[in-house]
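Down below is the structure, laid out as structure tokens.
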Amino acid sequence: MKFLTAKKTKIMCGLVLCIGLGALFARLGLYLWPGVKQVLQDKPLLYFTSDAALEAIYTQSAVLPLDWAMLLPPQEQAIITHYQVQNAQTVKELSAQILRSIEASTDPKYHEALISTNTVNVFENQMVSLSGFVVPVDFYANNNIKSLFFVPYFGACLHYPPPPPNQMLFAQLEQGFSQFDITQAYTITGKISTGLFEDPMGTSAYILEVVSIQPYFGQPDDIRRH
């Protein structure tokens, strides 16, 4: 009888272990899949500049990969990170999140960071690449995008409020970028500079002279939780 009980217990433990490992691997798969897809998925060139001078700068330059956090001055990055929504697992964590939200609503530095035009100038006139989402601003007669905002998350300026100006880039394109989808993330390579552009949909503090556009598979935003 004891032998059967021990065997039954062993089977149950093994079953629980298998379920637990299955759930863990499934969660890891969901977390890692965008990165794996980014490596394996074909990334066709959807746009390339015909500006010979810009292309010459591109071919002679090392392209610097940027994250969105790198466009924020350190003090603003710190305050935005401090008030980010966390995944609360306990009542204590949930209470702390509520208190942090109340604190954010009355913190003038946080509100200033949400509309800040302060920029990071170390990348001025460098050739960079950055992944994010396209928000069309203007179109050519054939519906190709003429100008756009480049933003870190889907829905910015459309379904959600615009990001801070120092988390938006303005770009003008030549004819040719027709294969676009506002729900698809893209990697844009180009020459970055500081400069304000204002539109009813938002204000950008950076300007990008676009060399190329390719699809990106993953979550580009590294500073906010959604």
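Read-outs throughout are calculated quantities, based only on the coordinates presented, and are distinct from any laboratory measurement. Please read these numbers as outputs of a predicted model, since none were measured by experiment. Here Cβ is always computed from backbone atoms with ideal geometry, including for glycine, and neighbour counts include all displayed protein chains.
Classify segment 139-190 from the C-alpha gyration tensor, please: rounded if a/c falls under 1.5, else prolate or oblate depending on whether a/b exceeds b/c. Kindly include the intermediate steps, with their values, before the conclusion.
Numbers: a/c = 1.82, a/b = 1.59, b/c = 1.15.
Prolate, because a/c is 1.5 or more and a/b exceeds b/c.
Working note: Karplus 6.51/-1.76/1.60 with θ = phi - 60° gives segment 90-98 the couplings 10, 4, 4, 5, 5, 4, 5, 5, 5 Hz, where Gly and Pro are set to x. Cross-link partners for residue 109 among the aspartates and glutamates, with Cα-Cα distance under 17 Å and sequence neighbours closer than 8 places in the same chain left out: 76. Backbone phi angles across segment 183-193, fed through the Karplus curve with coefficients 6.51, -1.76 and 1.60 (θ = phi - 60°), yield HN-Hα couplings of 8, 9, 7, 9, 9, 10, 10, x, 9, 9, 8 Hz in residue order; Gly and Pro are listed as x. Descending by average beta-carbon neighbour count within 10 Å, the peptides 210-218, 59-67 line up as 210-218, 59-67, the highest first. Of the residues 117, 80, 128, the one whose Cα sits farthest toward the positive end of the charge dipole of segment 65-202, with +1 on the Cβ of Lys and Arg and -1 on the Cβ of Asp and Glu, is 80.
Annotation: aspartates and glutamates with alpha-carbon distance below 20 angstrom to residue 92 (same-chain offsets under eight excluded): 103.
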